[in-house]
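Let me begin by presenting the structure, written as structure tokens, before commenting on it.
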């Protein structure tokens, strides 16, 4: 580095002894030339590059392996990326918080190995029984209605009678009209990408015809895909689009999509089949289901996500359950400890893994599926939909992310 000093005056050579002070005067300038690491808070304010951008310096070479597969980038690499820009959501089925996260859990990989790498949301709740309203809440903010609470065994159109104060449609039925907005539509409009990865889906964008019974409510030995665990096909804005066939696909496409940042969607919404999500205690093919099946499936799929370039660059993985078994509920809406939007689906917990989070941490802030939607929307600077925009809905903050984002 070129050092700056005041020019000498040729007419004042008699003051040469004053040059003895020069080293003292130059010491601050020399100190300023040294390499000073940026403060973490400043680095976290840098917005992450989008899908085609290069990884932050050090994200690959300095990443360390972690138990169970995947890598944990060092803090400097994570801070350089800013905030999550590639989000993975995995929904599992019908288990209470204690059965999953308690000392006697039958899922040691989830409750042990992965738990040590992420932040456990100890007061995360489903919003309804049965399954479907919880999935719909995560991508649209819609309220439960009489049809969705019965898992829409017939694929009926939604009969809208108006909108409420949060912009959610009022009425009943299953398949929402074009006017019902979704997280998928928001991302597309912003130039972001998304995909629903559905295990055992027979063909892309599979769904019944309007007014017809749903023949994928229960698993068979040949196919264990479940329509009502795939929220995207309940919105005509998605199913009527020619893009549905490339965006709502079989889980088998995930492996190839994870190979690069550019091919990994900004939102990857992943649903295992009725055996691997824990829904069925005994699977339709005769194998053992429940949490044992969940744990084996996670062990087979999570390492590929955690080691993917997109996750290592700016990823966030959320693993949760739709609702508790047995119809149990959380605190009544308005009571202490109840999240805005309600806890009628019971306490299920959620695990968040990200390069931007502290491994092994926990949070007791009340959250639910509307909180997850609001968090994703805030991360992508999107307006909040439906009940995700209700006053009091909490989003993941400094309890989950080191920067608080």
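The values are calculated or read from the model by the stated rules, or taken from the named source; none is laboratory data. Because the structure is predicted, anything quoted here is derived from the model rather than measured. Reconstructed Cβ throughout: ideal geometry from the backbone, glycine too, with neighbour counts over all protein chains shown.
Is it the case that the stretch 121-129 has a residue that's touching a residue at least 12 places away in the same chain (Cβ under 8 Å), touching a helix residue (DSSP H, G or I) at 6+ places or on another chain (Cβ under 7 Å) and surrounded by fewer than 22 Cβ atoms within 10 Å (Cβ to Cβ)?
no
Can you pull out every residue in the stretch 279-312 that is closer than 19 Å to residue 95 by Cα and in contact with a helix residue (DSSP H, G or I) (Cβ under 6 Å, 6 or more places away or on another chain)?
281, 295, 298, 299
For the stretch 80-102, enumerate the residues that are in a loop (DSSP other than H, G, I, E, B) and either at pLDDT below 95 or crowded, with 20+ Cβ neighbours inside 10 Å (or both).
Of everything in the stretch 80-102, those that are in a loop (DSSP other than H, G, I, E, B) and either at pLDDT below 95 or crowded, with 20+ Cβ neighbours inside 10 Å (or both) turn out to be 82, 83, 84, 85, 93, 94, 95.
Quick one: how many residues across the stretch 240-263 are touching a residue at least 60 places away in the same chain (Cβ under 8 Å) and surrounded by 18 or more Cβ atoms within 10 Å (Cβ to Cβ)?
Matching residues across the stretch 240-263 total 3.
If a residue has to be touching a strand residue (DSSP E or B) at 6+ places or on another chain (Cβ under 8 Å) and either under 16 Å from residue 109 (Cα atoms) or at pLDDT below 95 (or both) to count, how many in the stretch 315-342 make the cut?
5
Looking only at the stretch 151-186, count how many residues are part of a loop (DSSP other than H, G, I, E, B) and at positive phi.
4
Surrounded by 22 or more Cβ atoms within 10 Å (Cβ to Cβ) and in a helix (DSSP H, G or I), is that true of residue 138?
The answer is yes for residue 138.
Inside the stretch 250-261, can you point out the residues that are more than 18 Å from the chain's Cα centre (by Cα) and over 19 Å from residue 298 (Cα atoms)?
Once the filter is applied, which keeps residues that are more than 18 Å from the chain's Cα centre (by Cα) and over 19 Å from residue 298 (Cα atoms), the stretch 250-261 yields only 260.
Tally the residues that are closer than 17 Å to residue 391 by Cβ and in contact (Cβ under 8 Å) with a residue 12 or more places away in the chain, restricting the search to the stretch 328-342.
Total satisfying the criteria: 5.
Which residues, taken from the stretch 315-348, are buried (at least 23 other Cβ atoms within 10 Å of the Cβ) and at positive phi?
Once the filter is applied, which keeps residues that are buried (at least 23 other Cβ atoms within 10 Å of the Cβ) and at positive phi, the stretch 315-348 yields 341, 342, 346.
For the stretch 346-379, name all the residues that are more than 27 Å from residue 129 (Cα to Cα) and touching a helix residue (DSSP H, G or I) at 6+ places or on another chain (Cβ under 7 Å).
Taking the stretch 346-379 and keeping what is more than 27 Å from residue 129 (Cα to Cα), we get 354-361, 379.
Passing the criteria: 355, 356, 359, 360.
Looking only at the stretch 103-116, count every residue that is touching a strand residue (DSSP E or B) at 6+ places or on another chain (Cβ under 7 Å) and within 13 Å of residue 362 (Cβ to Cβ) and tell me the total.
Qualifying residue count, the stretch 103-116: 1.
Collect the residues in the stretch 187-200 that are under 18 Å from residue 86 (Cβ atoms) and either in a helix (DSSP H, G or I) or in contact (Cβ under 8 Å) with a residue 24 or more places away in the chain (or both), keeping them in residue-number order. Outline the logic, then answer.
Taking the stretch 187-200 as the starting set, the residues that turn out to be under 18 Å from residue 86 (Cβ atoms) are 187-188, 190-197.
Scanning the stretch 187-200 gives 187, 188, 190, 192, 193, 194, 195, 196, 197.
I'd like the full set of residues that are under 16 Å from the mean Cα position of the chain (by Cα) and surrounded by fewer than 24 Cβ atoms within 10 Å (Cβ to Cβ), limited to the stretch 364-397.
377, 378, 379, 380, 381, 382, 384, 394, 395, 397 - these are the residues of the stretch 364-397 that are under 16 Å from the mean Cα position of the chain (by Cα) and surrounded by fewer than 24 Cβ atoms within 10 Å (Cβ to Cβ).
Please work out which one of (1) touching a helix residue (DSSP H, G or I) at 6+ places or on another chain (Cβ under 6 Å); (2) buried (at least 24 other Cβ atoms within 10 Å of the Cβ) is the condition residue 269 fails and give its number.
(1)
Output the residues belonging to the stretch 298-314 that are within 18 Å of residue 111 (Cβ to Cβ), out of contact with any strand residue (DSSP E or B) (no Cβ under 9 Å at 6 or more places or on another chain) and surrounded by 15 or more Cβ atoms within 10 Å (Cβ to Cβ).
Result: 299, 303.
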